[in-house]
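Just so it is clear, none of the values below were taken in a lab; they were calculated from the coordinates. Owing to the predicted nature of the structure, the values given are computational and were not obtained by experimental measurement. Don't worry about glycine lacking a Cβ; one is built from the backbone with ideal geometry, like all the others, and counts go over all protein chains shown.
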Amino acid sequence: MLNRIIFSNKVYYKITDLEFLFGLSPYKMRKVLKEQNIETTTLDGFGRSKFVLEENVSAIEVDGKITIVKTTIDEKIKEKTVKKSTTKKTKAKKSSKKKNEVKELPNDSAEKVESINEQDPERQKDFDELLEKGRAIGFKFYQADKMNIVNAIGAKHSIDLKTATLDDIERMKPYVADLEKAEVDLTGQISA
């Protein structure tokens with residue numbers, strides 16, 4: 001079995017997998033690649049391992065034989081949209097809308113799944129503004145090496161901007177307000 005790595009929409013093979021494909025030792029495989037001027041590369045996030053692009057594998061000749069390898073990807077993407085309730089244990093209103101919608105989309109489809117964000121643009125705008133303001137203030141604290149203040153305020157409001165969603169907007173408002181107050185204190189300390 002050959003392991004393939006898909007990186008930046010290109011398929012790569014690890015040199016150790018090519019050793020298995022051609023039945024060579026690691027030393028001989030590297031020697032063959034060097035003699036035939038086959039380009040090898042490292043990929044971000046995969047350490048020092050060397051990889052060969054799939055198109056270059058067909059250029060490798062071992063004992064007068066060439067092995068052609070072609071990868072085809074045929075998969076369908078399933079997206080699931082879940083509508084969360086923002087109210088706390090109140091009587092559920094009957095809605096004609098489905099709570100869970102599953103749409104099967106082919107890879108090249110331009111069709112979009114309607115999201116909750118598209119249903120309320122004003123609320124989305126408020127959320128984006130709060131998120132941007134909170135991140136800007138958090139970055140100032142990061143530069144001042146005072147992230148402990150941001151973490152304490154986040155713990156107080158049980159929120160983290162990295163994982164915040166549109167449903168968290170009511171908790172974000174007092175969180176950002178506390179960040180603004182702390183920013184005033186911070187700038188008073190830094191303005192030396």
Original post:
Any idea what diffusion coefficient segment 4-66 gets from Stokes-Einstein, in µm²/s, Kirkwood Rh on alpha carbon pairs, 37 °C, 0.692 mPa s?
Top reply: 276 µm²/s
Original post:
How long, wide and thick is segment 130-186, going by the Cα atoms along their three principal axes, in whole angstroms, largest first?
Top reply: 30, 17, 16
Original post:
Residue separation times 0.36 nm, minus the C-alpha to C-alpha distance between residue 173 and residue 5: what's the value?
Top reply: 56.2 nm
Original post:
What are the residues whose amide H is under 5 Å from the amide H of residue 4, where those residues sit 5 or more places off or on another chain and H is modelled from the backbone?
Top reply: none
Original post:
Simple spin-label model, 7 Å along Cα-to-Cβ: residue 139 to residue 43 in nm?
Top reply: 3.1 nm
Original post:
Do you know the Lys pair count in segment 4-66 for C-alpha distances under 21 Å, with sequence separation 8 or more or different chains?
Top reply: 12
